[in-house]
Amino acid sequence: MTISAIIFDVDGTLLDSMPVWDGLGCRFLQKRGIEPEAGLQDKLFALSLQQGAEYLQQTYRLPETPAQILSAFDRMVQDSYQHHLPLKPGISELLPALQNRRLTQLVASASQLSWIEAALDRTGVSGYFQAIYTCPEMRLHKDDPRFFQAILREHGLSPEQTLVVEDALYAICTARAAGMPTAAFFDPTSETQWQEICQTADFAYRTPLELLTCPLLPKA
């Protein structure tokens, strides 16, 4: 079987952005004089921004609404996306190589659309992608197979011929539940789960350029 499309995650997959998110929820609480629970970062890592905001609001009985918490997150991270976050090593070479193989390349992220657009434009790779999909825009989360299924329908793609590239275990599981092959990219924030990620994903790569060895890709 040869694939015809690839859906890329952004944070930790295309962008070296996970340090920005590391401890974001904890910093948000600490600024308000609230001591975060042990393991909060791990809990939030598996949630979308909306889900994370709802979790903080409900668990810590915050006076802010989830929408207000999201706005606070936005202010805390948007400068990094607009001006600082780099591509992961090898991405700037990988994307044109995949384009040369006539693959449809799409983006699917749990982050805000404006952040993703700003970062991909600034790093010069936005032109390689036919479309960008985000959880806030689609009102679906990456723990729901319907998120990926909606993207497939919009582009007339079959799940078996669409590879999902992710760094997060929960999203890899969701893509597999949608019947899609998966490839994992290593990110240090997921190091403790890397063994399980390797066992779950169809393919696992320590560096992005290794994706070019994937047997599902059409020949160059």
message: Looking for something in contact (Cβ under 8 Å) with a residue 24 or more places away in the chain, on the phi < 0 side of the Ramachandran plot and among the basic types (K, R) - is there at least one such residue anywhere in the stretch 66-85?
response: no
- prompt: So which residues in the stretch 6-36 are touching a residue at least 24 places away in the same chain (Cβ under 8 Å), charged (D, E, K, R) and either under 19 Å from E137 (Cβ atoms) or in contact with a helix residue (DSSP H, G or I) (Cβ under 8 Å, 6 or more places away or on another chain) (or both), if there are any at all?
  reply: D9, D11, D22, R27
Count of residues meeting criterion [assigned to a loop (DSSP other than H, G, I, E, B), of a type in the set (D, E, K, R) and under 24 Å from P19 (Cα atoms)] in the stretch 172-220: 2
message: So T189 passes all but one of these: (1) farther than 21 Å from S48 by Cβ; (2) touching a residue at least 24 places away in the same chain (Cβ under 8 Å); (3) among the hydroxyl-bearing types (S, T, Y). Which condition number does it fail?
response: (1)
- prompt: When only residues in the stretch 37-62 that are at pLDDT 90 or above, in a loop (DSSP other than H, G, I, E, B) and touching a helix residue (DSSP H, G or I) at 6+ places or on another chain (Cβ under 9 Å) count, which is nearest to V20 (Cα to Cα)?
  reply: E37
query: Of the numbered conditions (1) outside the structural domain of D144 (by TED's automatic domain parsing); (2) farther than 13 Å from V20 by Cα, F73 satisfies every one except a single condition; which is it?
result: (2)
field: Options Y81, Y128: the member that is over 16 Å from the mean Cα position of the chain (by Cα) and aromatic (F, W, Y)
entry: Y128
task: For the stretch 90-120, name all the residues that are within 17 Å of the chain's Cα centre (by Cα) and exposed (fewer than 15 other Cβ atoms within 10 Å of the Cβ).
output: S114
- prompt: If you take the residues in the stretch 157-202 that are aromatic (F, W, Y) and more than 17 Å from D144 (Cβ to Cβ), which one is surrounded by the most Cβ atoms within 10 Å (Cβ to Cβ)?
  reply: F185
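The values are calculated or read from the model by the stated rules, or taken from the named source; none is laboratory data. Quantities reported herein were computed from a predicted structural model and do not represent experimental measurements. For neighbour counting, all protein chains shown are included, and Cβ atoms are generated from backbone atoms with ideal geometry for every residue, glycine included.
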